[in-house]
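The values are calculated or read from the model by the stated rules, or taken from the named source; none is laboratory data. All figures in this text were calculated on a predicted structure; none of them were measured in a lab. Neighbour counts run over all protein chains shown; Cβ positions are idealised from the backbone, glycine included. Side chains included, ligands, DNA and RNA excluded: accessible areas come from the protein's heavy atoms. Shrake-Rupley method; radii C 1.70, N 1.55, O 1.52, S 1.80 Å.
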Amino acid sequence: MATQHGPMQELTGLGVSSGIAIGRAVCIETRTEEVYRFPLAAEELDAEVERFERAIEAARDEILRVRDKVEKQMGDELAAVFEAHSLFLQDATFVRRIAGRIREEQVNAEWAVYRTAEELGEQFAAMEDDYLRERREDLRDVAHQLLRSLQGISHHQLSEIEGDVVVVADLLTPSDALRLGRGKVVGFVIETGGKTSHTTIIARSLKLPAITGLPGVLSQVTDEDPVILDGETGTVILHPTDEVLADYRRRRSDRIRRDRELMSTCALSARTADGVELELMANIDLPEEVPDVRRYGAAGIGLYRSEFLYIEKSPELPSEEDHYRLYRQLVELTAPHPAIIRTYDLGGRKLASKLLNVHEENPVLGLRGVRLTLAQPEVFKPQIRALYRAASHGDLWAMIPLVSTLEEVERFRSYATSIAEELQREGIEHRRDLPIGIMIEVPCAALIADRLAREVDFFSIGTNDLIQYSLAVDRNNEHVADLYQPLHPGLLRMLRFVIDSARDAGISVSVCGEVASDIRVAPLLVGLGLRRLSMSPRAVPRIKTRLRGLRVSDLEEIAQRCLEFGAASEVSAYLDQALLNEARSSSTVS
Ligand code: PEP
Ligand code: MG
């Protein structure tokens, strides 16, 4: 990359996916509220209206395409939502009003769509009739679709750009990150998001460096700007000088060398300095990560996030055979270790709400995880059938997300049993006693872990959500990232209770949240009694190296002490010092 000698600028955000990326910026705006107003010359207006008409066609085609698929998969009732959307686009008044605005105000089509939708939306909101008032949502969706067609999110143009691309965006959904990240993209800089948001989890799965928490960065960057980003430190450098560029190229080679050296631990067992065996498992989100389980020496799959299979095929649902083929491959690959496959954790921010035909003001506290399974069991049936079938080929465990009550477990179990009976009647090979476990990621579930432990075969603690829900801190919100505290003593106490409850009931317990790959927190988790940790495969060699140098007996004492503090900052300061001393003494002993 040739450097540009604009003034060099250094920004610092949250480093959420490690690695150094060097490339050229491509700016992407996805938040439709931020639509800019461009004044146009009189002679440009005809072309602009034509552009708007083409966008209407494209949006209508897209909506009808989605409607047909949804109708096939989920029936007419849901498809009717899309029908309503397409009617808006055929409404002559709506279309005329936007075209009129382009001409009268001499503005770009995006602005005219945005303003018109706002104006009409306010009129709908003021209506007495419930039905009409609710049409405001449809209008919003249609405007969004129109804006997308007009702006044509630049991904189709990325391939035309020479060299490596650093995407600079206001907000990316996990599926945006997935679609973009498989192209020429070498890194992400995103205004919003935290360490455990699903978009950053996808960046890590794609092994792409990423930085979030830089509000306003889009206004500081222009397409084609040369950019360096360091996902470990959270540094973004715009217009680097030749020296800085050379320095970062050197650092990048050093890190690659360091990671290669760590790979030498892959064949070693995850045994602590005092001989306690641990199991470091892999979290897998995407099919391309499957070979990483072995490559990085993970002891099986501790979490397969199956919803990404759905997100990639959306709005179609994967078939039973799609699920079965993949799960069978996973379970055969991980033998003799288990593969823990989680049923779709859809809802929250991981599914377009229109597919569910519900609008939720606060979807993270809404119809997600097992709640959605129980509300729409038919949608999950092919997946559950496939889990039973694939389990006959290896050590497959099924896991349910976002459990908050005992009744949910009972209802899920009875639904699963009815599916096993159906397979039995059909004479299809399956494993009848498929182990069924739950994610512990809701505080109230953690606090009844002793009761839940009698009803399930295993626990996996989802600290990403458990922290979010116990501290009332949105895991995606960079403004409260400081409050997202994995070392909060309240959380540690909850972990201790869950771990003790599992041990007393004789069931397996692991942690599959991002804290398991945190070099500071992982030893504490072992000290609290965990022997199974599941993390991004790339993190396994580093965490293994760290834990091999420590003694469980000492970690238990350290953890006990941590439980007595009142603040995360106290735990943090104590932990750093204690682990430093422990590492020193272990290295002198061995
Ligand atoms: C968690 O909540 O910790 C977890 C592993 O699940 P997800 O990140 O997919 O919500
Ligand atoms: Mg979760």
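Taking segment 385-403, which residues are more than 16 Å from ligand 1 (Cβ to nearest atom) and within 22 Å of the chain's Cα centre (by Cα)?
Hits for segment 385-403: nothing passes.
When segment 434-472 is examined, which residues are found to be open to solvent by 10 Å² or more (accessible area, probe 1.4 Å), charged (D, E, K, R) and in contact with a Gly (Cβ under 9 Å, 6 or more places away or on another chain)?
Scanning segment 434-472 gives a single hit, D457.
In the set R413, R475, which member is within 15 Å of ligand 2 (Cβ to nearest atom) and open to solvent by 10 Å² or more (accessible area, probe 1.4 Å)?
Within the list R413, R475, the selection yields R475.
Being modelled with pLDDT under 85 and of a type outside the set (G, A, S) is the filter here; which residues of segment 309-328 pass it?
Correct list: L309, Y310, I311, E312, K313, P315, E316, L317.
Would you say E455 is within 16 Å of ligand 1 (Cβ to nearest atom), assigned by TED's automatic domain parsing to the domain that holds Y304 and closer than 22 Å to G302 by Cβ? Give the steps one after another, and end with the answer.
On the way: within 16 Å of ligand 1 (Cβ to nearest atom): no; assigned by TED's automatic domain parsing to the domain that holds Y304: yes; closer than 22 Å to G302 by Cβ: yes.
So E455 does not fit the description; no.
Here is a list: E422, E407. Which entry is open to solvent by less than 50 Å² (accessible area, probe 1.4 Å), away from ligand 1 (no atom under 16 Å from the Cβ) and over 16 Å from L346 (Cα atoms)? Step through it out loud before you land on a result.
Numbers: E407 fails: open to solvent by less than 50 Å² (accessible area, probe 1.4 Å).
One residue alone meets the criteria, E422.
If we keep just the residues of segment 487-513 that are open to solvent by 20 Å² or more (accessible area, probe 1.4 Å), in contact (Cβ under 8 Å) with a residue 60 or more places away in the chain and within 22 Å of E570 (Cβ to Cβ), which is nearest to ligand 1 (Cβ to nearest atom)?
It comes out as H488.
For segment 432-448, give me the residue count where each residue is away from ligand 2 (no atom under 16 Å from the Cβ) and either polar (S, T, N, Q) or under 30 Å from the mean Cα position of the chain (by Cα) (or both).
So in segment 432-448, the residues away from ligand 2 (no atom under 16 Å from the Cβ) come out as 432-436, 447-448.
Still in the list and also either polar (S, T, N, Q) or under 30 Å from the mean Cα position of the chain (by Cα) (or both): 434-436, 447-448.
So the count comes out to 5.
Only one of these is outside the structural domain of M535 (by TED's automatic domain parsing), polar (S, T, N, Q) and farther than 27 Å from T463 by Cβ: T173, T222. Name it. Show your work before the answer.
Values: T173 fails: farther than 27 Å from T463 by Cβ.
After applying the criteria, what remains is T222.
Looking at segment 170-190, which of the residues that are modelled with pLDDT of 90 or more and among the aliphatic types (A, V, I, L, M) is nearest to ligand 1 (Cβ to nearest atom)? Please lay out each step first, then the result.
To start, the set of residues in segment 170-190 that are modelled with pLDDT of 90 or more comprises 185-190.
If we keep only those that are among the aliphatic types (A, V, I, L, M) as well, we get 185-186, 189-190.
Working: V185: 22, V186: 24, V189: 22, I190: 17 Å.
Applying the filter and picking the extreme gives I190.
If the Cβ limit is 8 Å and pairs must be 6+ apart or interchain, which residue in segment 336-347 that is without any contact (Cβ under 8 Å) to a residue 24 or more places away in the chain and open to solvent by less than 10 Å² (accessible area, probe 1.4 Å) pairs with which residue that is more than 13 Å from ligand 1 (Cβ to nearest atom) and assigned to a strand (DSSP E or B)?
Nothing qualifies.
Suppose we keep only residues that are part of a loop (DSSP other than H, G, I, E, B) and in contact with a strand residue (DSSP E or B) (Cβ under 8 Å, 6 or more places away or on another chain) within segment 38-65. Which one would you say is nearest to W111 (Cα to Cα)? Step through it out loud before you land on a result.
Filtering segment 38-65 for residues part of a loop (DSSP other than H, G, I, E, B) gives 38, 40-41.
Narrowing further to those that are in contact with a strand residue (DSSP E or B) (Cβ under 8 Å, 6 or more places away or on another chain): 38, 40.
Numbers: F38: 8, L40: 11 Å.
Among those residues, the one meeting the criterion is F38.
Any residue that is crowded, with 23+ Cβ neighbours inside 10 Å, in contact with a helix residue (DSSP H, G or I) (Cβ under 9 Å, 6 or more places away or on another chain) and among the acidic types (D, E) - is there at least one of those in segment 266-285?
Yes, that holds for at least one residue.
Residue-by-condition table, conditions (1) touching a residue at least 40 places away in the same chain (Cβ under 8 Å); (2) basic (K, R):
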{"position": "R249", "(1), (2)": "yes, yes"}
{"position": "D254", "(1), (2)": "no, no"}
{"position": "R258", "(1), (2)": "no, yes"}
{"position": "A270", "(1), (2)": "yes, no"}
{"position": "M281", "(1), (2)": "yes, no"}
{"position": "L286", "(1), (2)": "yes, no"}
{"position": "R294", "(1), (2)": "no, yes"}
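Considering each of A282, A273 in turn, give the residue that is closer than 30 Å to L530 by Cα and assigned to a loop (DSSP other than H, G, I, E, B). Steps first, answer last, please.
Details: A282 fails: assigned to a loop (DSSP other than H, G, I, E, B).
Step by step, each of A282, A273 is checked, and only A273 is closer than 30 Å to L530 by Cα and assigned to a loop (DSSP other than H, G, I, E, B).
Wholly within segment 74-150, which helices (runs of 4 or more DSSP H) include no fewer than the required count, namely at least 3 residues that are under 30 Å from P318 (Cβ atoms), out of contact with any Gly (no Cβ under 9 Å at 6 or more places or on another chain) and open to solvent by less than 70 Å² (accessible area, probe 1.4 Å)?
Values: elements: 76-90, 92-105, 109-125.
In segment 74-150, 76-90 are the helices (runs of 4 or more DSSP H) which contain 3 or more residues that are under 30 Å from P318 (Cβ atoms), out of contact with any Gly (no Cβ under 9 Å at 6 or more places or on another chain) and open to solvent by less than 70 Å² (accessible area, probe 1.4 Å).
Please specify each residue of segment 191-220 satisfying the condition of being crowded, with 18+ Cβ neighbours inside 10 Å, at pLDDT 90 or above and more than 20 Å from the chain's Cα centre (by Cα).
V217
Restricting the search to segment 196-220, which residues are in contact with a Lys or Arg (Cβ under 8 Å, 6 or more places away or on another chain) and either of a type in the set (G, A, S) or part of a loop (DSSP other than H, G, I, E, B) (or both)?
Across segment 196-220, the qualifying residues are T196, S197, L206, K207, A210.
Just need a number here: residues in segment 458-478 that are among the small types (G, A, S) and near ligand 1 (Cβ under 7 Å from one of its atoms). Spell out the reasoning first.
Pass one, segment 458-478, residues among the small types (G, A, S): 460, 462, 470, 472.
With the extra rule that they be near ligand 1 (Cβ under 7 Å from one of its atoms), the set shrinks to 462.
Count: 1.
Give the number of residues within segment 485-531 that are of a type in the set (G, A, S) and over 18 Å from A270 (Cβ atoms). Don't jump to the end; show me each part of the working.
Taking segment 485-531 as the starting set, the residues that turn out to be of a type in the set (G, A, S) are 490, 501-502, 505-506, 508, 510, 513, 516-517, 522, 527, 529.
Narrowing further to those that are over 18 Å from A270 (Cβ atoms): 490, 501-502, 505-506, 513.
Within segment 485-531, residues that are of a type in the set (G, A, S) and over 18 Å from A270 (Cβ atoms) number 6.
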